[in-house]
Amino acid sequence: MINELEKDIDRVLFSEEDLKAMVKKVAAEINEDYAGKKPVLVVLLKGSVMFAADLMRSLIIDCEIDFMKVSSYSGTQSTGVVSIVNDLKTDISGRHVIIIEDIVDTGLTLYRLKNLLEQRGPESLRICTLLDKPSGRKAEVYADYIGGVVGNEFIVGNGLDYNEKYRNLPYIGVMRNS
Ligand code: IMP
């Protein structure tokens, strides 16, 4: 059968093997830093779902997972306005929290979200992202755990979308004409 998505992909940036290696690296760091601490992984919907599922399976520490949906993007542009679409069910006060993100671009989403979650009194709050796009940064925010770095390109796959499409590509690719 013909892959309906691949015609729009210019090139593969991170293969399935590359992604596995990134998850393994980040998981090893978290396993070491959080041994005996029972963190809550706060997964940002929808783009981080694949990464979070892979990461969860590679963690050997006691941990929990919860989901949050914030909105800041329309098409390929960050609107800079972040609103909570779905909030956590977990009370994170006194908990070790790790925000799980797919990609940090302008950093505006995480900057605002971090401030918001800090007001809920977590014991600690860190950021874990599959990918970092430092060239796009507009806010002072840094991830504590980073799988890989990308340049100034719009990428899709492994959870990342363009207008809700391409999330199911098993690798990360650069869009044609991006
Ligand atoms: P930020 O506030 O600009 O850092 O927005 C980060 C969010 O924008 C990510 O969680 C993604 O959902 C989305 N995003 C940023 N860059 C890309 C990209 O290259 N492809 C797909 N989504 C992206």
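The values are calculated or read from the model by the stated rules, or taken from the named source; none is laboratory data. Predicted, not measured: the structure shown is a model, and the values here were computed from it. Neighbour counts are summed over all protein chains in view; Cβ atoms, including those assigned to glycine, are modelled from backbone coordinates with ideal geometry. Heads up: the accessible areas ignore ligands, DNA and RNA and are worked out on the full protein's heavy atoms, side chains in. Shrake-Rupley method; radii C 1.70, N 1.55, O 1.52, S 1.80 Å.
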Checklist entry - Can you list residues whose amide H is under 5 Å from residue 40's amide H, if they're 5+ apart or on another chain and H is modeled 1.01 Å from N? => result 64, 96, 97, 98
Checklist entry - Just for the chain, what percent of DSSP beta bridges are antiparallel, to the closest 5? => result 35
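Quick one: length gained pulling residue 21 to residue 62 fully straight, 0.36 nm per residue minus the C-alpha distance?
12.6 nm
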Checklist entry - What's the carbon and sulfur percent of the stretch 100-178's accessible surface, probe 1.4 angstrom, rounded to a whole number? => result 43
Checklist outcome for this item: Sorting 13, 88 on solvent-accessible surface, 1.4 Å probe, most exposed first, gives 13, 88
Item to check | Tilt relative to the chain, helix 108-118 - C-alpha long axis, 0 to 90 degrees, to 10 | outcome: 20
Checklist entry - What dipole magnitude, in Debye to the nearest 20, does the stretch 2-152 give about its Cα centre under +1 on Lys/Arg Cβ and -1 on Asp/Glu Cβ? => result 340
Next on the checklist: I'd like the accessible area for residue 172, computed on protein heavy atoms only with a 1.4 Å probe and all protein chains in place. Round to 10 Å², please.
Outcome noted: 0
Checklist outcome for this item: Residues meeting the amide H criterion for residue 107 (H placed from the backbone, H to H distance under 5 Å, 5 or more places apart or on another chain) are 138
Item to check | Charge dipole magnitude, Cβ of K and R +1, D and E -1 - the stretch 18-65, Cα centre, debye nearest 20 | outcome: 120
Next on the checklist: For the chain, take the longest principal axis of its alpha carbons; what is the angle in degrees between that and the long axis of helix 16-33, to the nearest 10 within 0 to 90?
Outcome noted: 10
Item to check | Farthest toward positive dipole pole in the stretch 19-162 [+1 Lys/Arg, -1 Asp/Glu at C-beta], among 30, 60, 84 | outcome: 84
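For 162, 171, write out the residues from largest to smallest accessible area, computed with a 1.4 angstrom probe and no ligands counted. List each step's numbers first, then the result.
Details: 162 80, 171 30 Å².
From most accessible down to least: 162, 171.
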Checklist entry - the stretch 1-93: which GluC sites (Glu not before Pro) are DSSP loop and have at most 16 other beta-carbon atoms within 10 angstrom? => result 4
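If you keep only loop residues by DSSP, which trypsin sites (Lys or Arg not before Pro) in the stretch 114-178 have at most 11 other Cβ atoms within 10 Å of their Cβ?
Working: sites: 114, 120, 126, 137, 138, 165, 167, 176; in loops: 120, 137, 138, 167, 176.
Passing sites in the stretch 114-178 are 176.
Hey, what did the chain get for relative contact order, percent, Cα under 8 Å, at least 6 apart?
On the way: 353 pairs, mean separation 45.6, N = 178.
About 26 percent, as a whole number.
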Item to check | Degrees between helix 49-58 axis and first principal axis of the chain (Cα, 0 to 90, nearest 10) | outcome: 60
Item to check | Range of Cα positions in the chain per principal axis (Å), largest first | outcome: 48, 35, 28
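What accessible area per residue comes out for the stretch 74-178, rounded to a whole number of Å², with a 1.4 Å probe?
Details: 5020 Å² over 105 residues.
Computed with neighbouring chains in place, this is 48 Å² per residue.
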